[in-house]
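Colleague: Here it is, the structure, as structure tokens.
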Amino acid sequence: MRPIRAACLGTATALVALLVGAPVAAAVAAGTDSVHAKGKDKVITLIGRLAEQTRFPVNPGGAPAQGDRTVFRSILSDQDGKQVGETGGTCDTTRVDNGGAEVCVVTYTLPGGQLSVQGMVFGHLNPGPPPSFDNGITGGTGKYNRARGSIHAETIAPGTRRFTINLA
């Protein structure tokens, strides 16, 4: 398959990558030794901006198909615009009818460790801005080992998403 480079964020896939760094960055900014500190849940808000995205279609030049893959990287910033990490991940199309669906696996790299996120994104083939979605935090390393919770993503501008990370 031949890669197709995309200059703009046309799918929810690229935005999933942005999600990953948000939870970790917020926990780092909070100065805790662990996301499990004091046994309290944490809510972290980060902004993700798409840095790179490459698509690997099953049918180059043709219609979207099951098995299409998108690889992406994003830069994560806190509410003050300070860069706090990055994300990297892949999304694979699992369905092309009813707006499409894809399964995504993303790693957020931040000071003190990494956070793993996984889940489905629905409607990525519909026209308009990428849809909002919720994915699960499946684990982490360093300060984030045994991390659990969820991430909510919403598009706030082309190529930019707000991530609300709920660490349990």
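The values are calculated or read from the model by the stated rules, or taken from the named source; none is laboratory data. Keep in mind that this is a model prediction, so the values were computed, not measured. Don't worry about glycine lacking a Cβ; one is built from the backbone with ideal geometry, like all the others, and counts go over all protein chains shown. Just the protein is used for accessible areas: all its heavy atoms, side chains included, with ligands, DNA and RNA removed. Shrake-Rupley method; radii C 1.70, N 1.55, O 1.52, S 1.80 Å.
Colleague: Among the residues of the stretch 65-83, which ones are over 14 Å from Phe163 (Cβ atoms) and open to solvent by 70 Å² or more (accessible area, probe 1.4 Å)?
Modeller: Gln66, Arg69, Arg73, Asp80, Lys82, Gln83
Colleague: Shifting gears a bit: What pairs come up if the first residue lies in the stretch 138-151 and is over 13 Å from Leu110 (Cβ atoms), the second is in a helix (DSSP H, G or I), and their beta carbons are under 9 Å apart, counting only those six or more places apart or on different chains?
Modeller: Correct list of pairs: Gly149/Pro23; Ile151/Val16; Ile151/Leu19; Ile151/Val20; Ile151/Ala22; Ile151/Pro23.
Colleague: Return the total of residues in the stretch 127-168 being over 25 Å from Asn98 (Cβ atoms), assigned to a strand (DSSP E or B) and polar (S, T, N, Q).
Modeller: 4
Colleague: A follow-up question, please. Which residue is surrounded by the fewest Cβ atoms within 10 Å (Cβ to Cβ), if the candidates are limited to the stretch 84-106 and must be in a strand (DSSP E or B) and touching a Leu at 6+ places or on another chain (Cβ under 7 Å)? Give the derivation first.
Modeller: Quick first cut of the stretch 84-106, residues in a strand (DSSP E or B) only: 84-95, 101-106.
Among the residues that remain, those that are also touching a Leu at 6+ places or on another chain (Cβ under 7 Å) are: 84-87, 106.
Values: Val84: 23, Gly85: 26, Glu86: 21, Thr87: 32, Val106: 27.
The extreme case among them is Glu86.
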